[in-house]
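> Before I ask anything, let me first share the structure, which is written out below as structure tokens.
The values are calculated or read from the model by the stated rules, or taken from the named source; none is laboratory data. Since the structure is predicted, the reported quantities are computational estimates derived from the model, not experimental observations. Here the Cβ positions follow ideal geometry from the backbone for every residue, glycine too, while neighbour counts run over all protein chains shown. Remember, those area values only see protein heavy atoms, side chains included, never the ligands or the DNA or RNA. Shrake-Rupley method; radii C 1.70, N 1.55, O 1.52, S 1.80 Å.
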Amino acid sequence: MDEPDEALPPVPESELIALSALVLTRARHREAAAVVSDGDERYEVAVAPGDRWVVQSSSIEWIGNGPSIRAYDVQPSAGARRRIEEYPPGWFHPALYLLWPHLLPLWGRPGDEYRPIRTIDGLHGPAGLVFEHVDAPMVGGESLGPWAHVLLNQDHQVTLLDWDGRVWTLLDINE
């Protein structure tokens, strides 16, 4: 997924906006638990309205409640110990982006780093979106990237995120 398929015809902007709005609307007030992988680690993720969330890896647990974020080193035999770590305002663990895609700066809103440029077709309609960086260098009217990709299931939920040099995959979800 390093580059978009240039052979695909461009999608009308109205279709991109409608698909983006559908994905964002479906996820904004989600209450769910999921298992997410970044290829190296599996994360148990839970989200609830009010910006409440928990992400747990094999050794760290992050807990967010609005602007407050706490992290703990977790050891099954010794319990948990609070990590002394500062998080910038508005920080969310990247595993949350699959459940809360509205947090991603990809959708072409003012201030976003990327904009949608193309859909990825699936058997039952759109199966994903391709995004280009808004400040990407251009050669001959074509962007040189960087690119981001979001894959969707039939319910327009994010199942894979390829962005910022990492690939996040939704392995299981319970809503």
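> For V139, indicate whether it is open to solvent by less than 70 Å² (accessible area, probe 1.4 Å) and of a type outside the set (K, R).
So V139 does not fit the description; no.
> Filter region 43-56 down to residues that are buried (at least 17 other Cβ atoms within 10 Å of the Cβ) and touching a residue at least 12 places away in the same chain (Cβ under 8 Å) and give me whichever is farthest from the chain's Cα centre (by Cα).
Narrowing region 43-56 to residues buried (at least 17 other Cβ atoms within 10 Å of the Cβ): 43, 45-47, 53-56.
After this cut, where a residue has to be touching a residue at least 12 places away in the same chain (Cβ under 8 Å) as well, the list is 43, 45-47, 53, 55-56.
Numbers: Y43: 14, V45: 13, A46: 14, V47: 13, W53: 14, V55: 14, Q56: 17 Å.
Looking at the filtered set, the residue picked out is Q56.
> Right, another one. Looking only at region 122-136, filter to residues that are in a loop (DSSP other than H, G, I, E, B) and modelled with pLDDT of 85 or more; which one of those is surrounded by the most Cβ atoms within 10 Å (Cβ to Cβ)?
Selected residue: A136.
> Give me the pairs, please: first residue somewhere in region 132-155 and closer than 20 Å to A95 by Cα, second residue anywhere and of a type in the set (S, T, N, Q), beta-carbon distance under 8 Å, and either six or more positions apart or on two chains.
The qualifying pairs are L151/T159; L152/T159; N153/T159.
> Further, regarding this structure: Here's a check for you: in region 63-82, which residue that is in contact with a Phe, Trp or Tyr (Cβ under 6 Å, 6 or more places away or on another chain) and at pLDDT below 90 is surrounded by the fewest Cβ atoms within 10 Å (Cβ to Cβ)?
Top of the filtered list is R82.
> Checking G108 against (1) part of a helix (DSSP H, G or I); (2) open to solvent by 20 Å² or more (accessible area, probe 1.4 Å); (3) among the small types (G, A, S), which single condition isn't satisfied?
(1)
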